[in-house]
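Engineer: Starting off with a structure, shown below.
The values are calculated or read from the model by the stated rules, or taken from the named source; none is laboratory data. What you see is a predicted model, and the numbers here were worked out from it, not measured in a lab. Neighbour counts are summed over all protein chains in view; Cβ atoms, including those assigned to glycine, are modelled from backbone coordinates with ideal geometry.
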Amino acid sequence: MDYRDQLDRIVNIPNTPSRIVSLVPSQTELLVDLGLKDSIVGITKFCIHPADLRGPATIVGGTKNIHLQKIIDLKPDFIFCNKEENSLEIVEMLQPIAPVWVSDMYSIEDCIEMILMIGEIFQSAPAKKIVEDISLGKNNFKEFMQNKKLKSILYIIWKKPYMAAGRNTFINELLQLNKFENAINDVESRYPEIDFTNYSGIETILLSTEPYPFNNKDAEALGKELNKEVILVDGEYFSWYGSRLIEAFEYFKTLHAESD
């Protein structure tokens, strides 16, 4: 049967897949929550949730660098990729092996679309419930945020050089829901390098725990250096799309409760 992925590519999947290679951590977590854990045969070294997936599933490299022969040896019948996480070159290398379905994520609506599509491909009953829970969580959180004030921020994802999440990202959608006004105005660059001296007017800097592993010491040191409020935030809740969003909205409430 033919399906369209989120790049509008037609992907032919003749039968319900039973041997999955997932090259995106948040999508791996989603597959497990869709009840497909036993079908996952290959994952990346960054697929850390759930922890007990390592061992039964073979690690086939990272998101940017894969061990092609390991994937071939696993004989997958479905490979799950993402436009941002995996390069076009990787997708093209994998296409002769098995159907490759590619997600493209900018918004919660994109996430919901992906979950329903994957639920259809795998005939997974939990897909609808996951979507309902995400939608309910989002609506409840919007009510929670109704009387909160906008706060200008930079969301920092990398060090040496410092890089921030731009406006044309999934992260930015979640920042907007939190009424964090992204100070990055360059809509072309998704993750631009930044010079803090150009952003003296911002109120707060958010340091993400991923992909660079910022910690509390980093936040304290940067706060002293810049004389700004610097908050360490869990990057998984701002950048992992999929079923992780169900937990994300409750996490966001704790961020605002601490600052009230």
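Engineer: Can you confirm whether region 177-189 contains a residue that is within 27 Å of residue 136 (Cα to Cα), part of a helix (DSSP H, G or I) and of a type in the set (A, V, I, L, M)?
Structural biologist: Yes, that holds for at least one residue.
Engineer: Tell me which residues, restricted to region 129-142, are surrounded by fewer than 21 Cβ atoms within 10 Å (Cβ to Cβ) and either in contact (Cβ under 8 Å) with a residue 24 or more places away in the chain or in the same structural domain as residue 11 (by TED's automatic domain parsing) (or both).
Structural biologist: Within region 129-142, 133, 137, 138, 140, 141, 142 qualify.
Engineer: Kindly indicate whether any position in region 150-164 is touching a residue at least 60 places away in the same chain (Cβ under 8 Å), of a type in the set (Phe, Trp, Tyr) and out of contact with any strand residue (DSSP E or B) (no Cβ under 8 Å at 6 or more places or on another chain).
Structural biologist: No, every residue in region 150-164 fails to be touching a residue at least 60 places away in the same chain (Cβ under 8 Å), of a type in the set (Phe, Trp, Tyr) and out of contact with any strand residue (DSSP E or B) (no Cβ under 8 Å at 6 or more places or on another chain).
Engineer: Only one of (1) out of contact with any helix residue (DSSP H, G or I) (no Cβ under 8 Å at 6 or more places or on another chain); (2) under 19 Å from residue 144 (Cα atoms); (3) aromatic (Phe, Trp, Tyr) is not met by residue 237, so which one is it?
Structural biologist: For residue 237, the exception is condition (1).
Engineer: Report, by residue number, each residue of region 100-136 that is over 18 Å from the mean Cα position of the chain (by Cα) and among the acidic types (Asp, Glu).
Structural biologist: Within region 100-136, 120, 132 qualify.
Engineer: If you don't mind, another one. Between 75, 83, which is surrounded by fewer than 13 Cβ atoms within 10 Å (Cβ to Cβ), of a type outside the set (S, T, N, Q) and closer than 23 Å to residue 4 by Cα?
Structural biologist: Sole residue among the options that is surrounded by fewer than 13 Cβ atoms within 10 Å (Cβ to Cβ), of a type outside the set (S, T, N, Q) and closer than 23 Å to residue 4 by Cα: 75.
Engineer: Pick from region 40-86 the residues that are free of Cβ contacts under 8 Å to residues at least 40 places away in the same chain and in a helix (DSSP H, G or I): which of them is nearest to residue 210 (Cα to Cα)?
Structural biologist: Among those residues, the one meeting the criterion is 51.
Engineer: Further question: Quick one: residue 118 ticks every box in (1) outside any strand (DSSP E or B); (2) farther than 21 Å from residue 170 by Cα; (3) in contact with a Ser or Thr (Cβ under 8 Å, 6 or more places away or on another chain) except a single one, so which number is it?
Structural biologist: Failing condition for residue 118: (2).
Engineer: Here's something else I'd like to know. Look through region 165-195, keep the residues that are among the aromatic types (Phe, Trp, Tyr) and without any contact (Cβ under 8 Å) to a residue 40 or more places away in the chain, and return whichever of them is nearest to residue 230 (Cα to Cα).
Structural biologist: Out of the qualifying residues, it is 180.
Engineer: So residue 149 passes all but one of these: (1) part of a loop (DSSP other than H, G, I, E, B); (2) of a type in the set (Lys, Arg); (3) surrounded by 13 or more Cβ atoms within 10 Å (Cβ to Cβ). Which condition number does it fail?
Structural biologist: Of (1) part of a loop (DSSP other than H, G, I, E, B); (2) of a type in the set (Lys, Arg); (3) surrounded by 13 or more Cβ atoms within 10 Å (Cβ to Cβ), only one is false for residue 149: (3).
Engineer: Then there is this: Just need a number here: residues in region 87-107 that are out of contact with any Asp or Glu (no Cβ under 6 Å at 6 or more places or on another chain), outside any loop (DSSP other than H, G, I, E, B) and not hydroxyl-bearing (Ser, Thr, Tyr).
Structural biologist: So the count comes out to 8.
Engineer: Could you list all residues from region 5-57 that are polar (S, T, N, Q), surrounded by fewer than 21 Cβ atoms within 10 Å (Cβ to Cβ) and under 18 Å from residue 119 (Cβ atoms)?
Structural biologist: 6, 15, 16, 18, 39
Engineer: Also: Tell me the residue from 215, 227 that is surrounded by fewer than 15 Cβ atoms within 10 Å (Cβ to Cβ), out of contact with any strand residue (DSSP E or B) (no Cβ under 8 Å at 6 or more places or on another chain) and farther than 30 Å from residue 132 by Cβ, please.
Structural biologist: Checking each option against the conditions leaves just 227.
Engineer: Any idea how many residues of region 165-183 are crowded, with 17+ Cβ neighbours inside 10 Å and either on the phi > 0 side of the Ramachandran plot or at pLDDT below 95 (or both)?
Structural biologist: Qualifying residue count for the region: 1.
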